[in-house]
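J.: Quick one: this structure, given as structure tokens, is what I'll be asking you about.
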Amino acid sequence: MAEAVGVAAGILALVTTAYSSTQALYKTIQDFRHAPQDIQHIAKEVEDLRGVLDLLKQKVHHLKDTIGLEEALKGCTAACSEFRQMIEESNKHRKGERHSTRDRVAWIYKGKKQSKDFRTALASYKDTLNIALGAETL
């Protein structure tokens, strides 16, 4: 009887390990499949930022307060350049319209965090620019 309990406990441990392994694999596959969504969200935010920058271009001569504006613009430029470079590096094995498996896996481990950090920085720069524009209308 004790031997049967030991075998059952061993099997349960293997099942638990296999379940954990398949769960981790499933999450990795989901991340792999949705990597382009991260880029689509960023593209939308960059498009919104371009709208703010267009407004800023039109009203730059009428701004009363430019505190923080130069720093935000330089930071925004640097962040966009760095992220663009990261995307280009993440697609270096691309063949035509197809993303390589290697690049997609690299995106999961490197790009997802960088895209989150970039989105946070982008939101901060966009807020600063909107504040500058809002101050101009007061």
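J.: I'm checking my understanding of the structure. Among residues of the stretch 43-69 that are under 20 Å from the mean Cα position of the chain (by Cα), under 15 Å from residue 124 (Cα atoms) and hydrophobic (A, V, I, L, M, F, W, C), which one is surrounded by the fewest Cβ atoms within 10 Å (Cβ to Cβ)?
T.: My answer is 46.
J.: Check 30, 85 and return the single one that is in a helix (DSSP H, G or I), surrounded by 10 or more Cβ atoms within 10 Å (Cβ to Cβ), at pLDDT below 65 and within 20 Å of the chain's Cα centre (by Cα).
T.: 30
J.: So, in the stretch 101-127, of the ones that are of a type in the set (Phe, Trp, Tyr) and farther than 16 Å from residue 80 by Cα, which residue ends up surrounded by the fewest Cβ atoms within 10 Å (Cβ to Cβ)?
T.: Filtering first and then ranking leaves 109.
J.: Could you tell me whether residue 11 is farther than 20 Å from residue 110 by Cα, surrounded by 10 or more Cβ atoms within 10 Å (Cβ to Cβ), modelled with pLDDT under 75 and not hydroxyl-bearing (Ser, Thr, Tyr)?
T.: Taking the combined requirement at face value, the residue satisfies it.
The values are calculated or read from the model by the stated rules, or taken from the named source; none is laboratory data. Because the structure is predicted, anything quoted here is derived from the model rather than measured. A quick note on method: Cβ atoms are made from the backbone with ideal geometry, for glycine too, and the neighbour counts reach across all protein chains shown.
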